[in-house]
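A.B. asks: After the C-alpha cells below, expect a handful of questions from me.
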Amino acid sequence: MTQLSGAAPLSGAERATALLGLDGWQECKDRDAIHRQFKFHDFVEAFAFMTQVALKAERMNHHPEWSNVYNRVEVVLTTHDAGGVTQRDIRLAHAMEDAYRPATDHTGGRKMGG
C-alpha cells in the first residue's frame, strides 16, 4: 500500500506503549485502529468538542471517523493511506484529550457551564 501520509503503521509494541498515555483509548478488535467514547453533559458540549477537534484535525490534515448521539462522541482513528495506526493518530488522540480535559470533572462527565 502506498503511504501518502509519510507515516508507517506502529508496531504492536509501539501502539501498546502509546495507548498507555491515552486515557480510555483502546485498540479496535476488528481492524487496525484505536477508539474511544467521550461523554459530555449535553449535546451542545459534545458538538462544541467536535467543532474544536475538527479545526485541529483540519490543521493536521488528519480526520477522525466519528459519530455523535446526544451527549456522546464515538471516535475511531486510523491512517487509511498507511493501512493502520500511525503517530498521526496518536497525535490526534492527544489533541482530543487536550480538548476534552479542561472541562471534565472526576466522574468523566463535563462540568456544567464549562
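A.B. asks: Are any of the residues in the range 31-52 at pLDDT 95 or above, loosely packed, with under 15 Cβ neighbours inside 10 Å, assigned to a helix (DSSP H, G or I) and of a type in the set (S, T, N, Q)?
C.D. replies: Yes, there is a match, as at least one residue in the range 31-52 is at pLDDT 95 or above, loosely packed, with under 15 Cβ neighbours inside 10 Å, assigned to a helix (DSSP H, G or I) and of a type in the set (S, T, N, Q).
A.B. asks: Next up: Restricting the search to the range 16-30, which residues are under 23 Å from HIS80 (Cβ atoms) and exposed (fewer than 13 other Cβ atoms within 10 Å of the Cβ)?
C.D. replies: Matches in the range 16-30: ALA16, THR17, GLN26, LYS29, ASP30.
A.B. asks: While we're here: Among the numbered criteria (1) assigned to a helix (DSSP H, G or I); (2) within 12 Å of GLU74 (Cβ to Cβ), which one does ALA13 miss?
C.D. replies: All conditions are met except number (2).
A.B. asks: When you go through ASN61, ASN68 one by one, which is the residue that is surrounded by fewer than 19 Cβ atoms within 10 Å (Cβ to Cβ) and either within 22 Å of ALA18 (Cα to Cα) or at pLDDT below 95 (or both)? If you could, list the steps in order and put the result at the bottom.
C.D. replies: Numbers: ASN68 fails: either within 22 Å of ALA18 (Cα to Cα) or at pLDDT below 95 (or both).
Just one listed residue meets the conditions, ASN61.
A.B. asks: Give all pairs with beta carbons closer than 9 Å in which a residue from the range 37-65 that is acidic (Asp, Glu) meets a residue that is at pLDDT 95 or above and not in a loop (DSSP other than H, G, I, E, B); count only pairs at least 6 apart in sequence or on separate chains.
C.D. replies: GLU65/HIS35; GLU65/GLU74; GLU65/VAL75; GLU65/VAL76; GLU65/LEU77
A.B. asks: Check off (1) part of a helix (DSSP H, G or I); (2) touching a residue at least 24 places away in the same chain (Cβ under 8 Å); (3) out of contact with any strand residue (DSSP E or B) (no Cβ under 7 Å at 6 or more places or on another chain) for ASP89 and give me the number that stays unchecked.
C.D. replies: For ASP89, the exception is condition (3).
The values are calculated or read from the model by the stated rules, or taken from the named source; none is laboratory data. The shown structure was predicted, so the numbers you read here are calculated from the model rather than taken from an experiment. Note: ideal-geometry Cβ built from the backbone for every residue, glycine included; neighbour counts use all protein chains shown.
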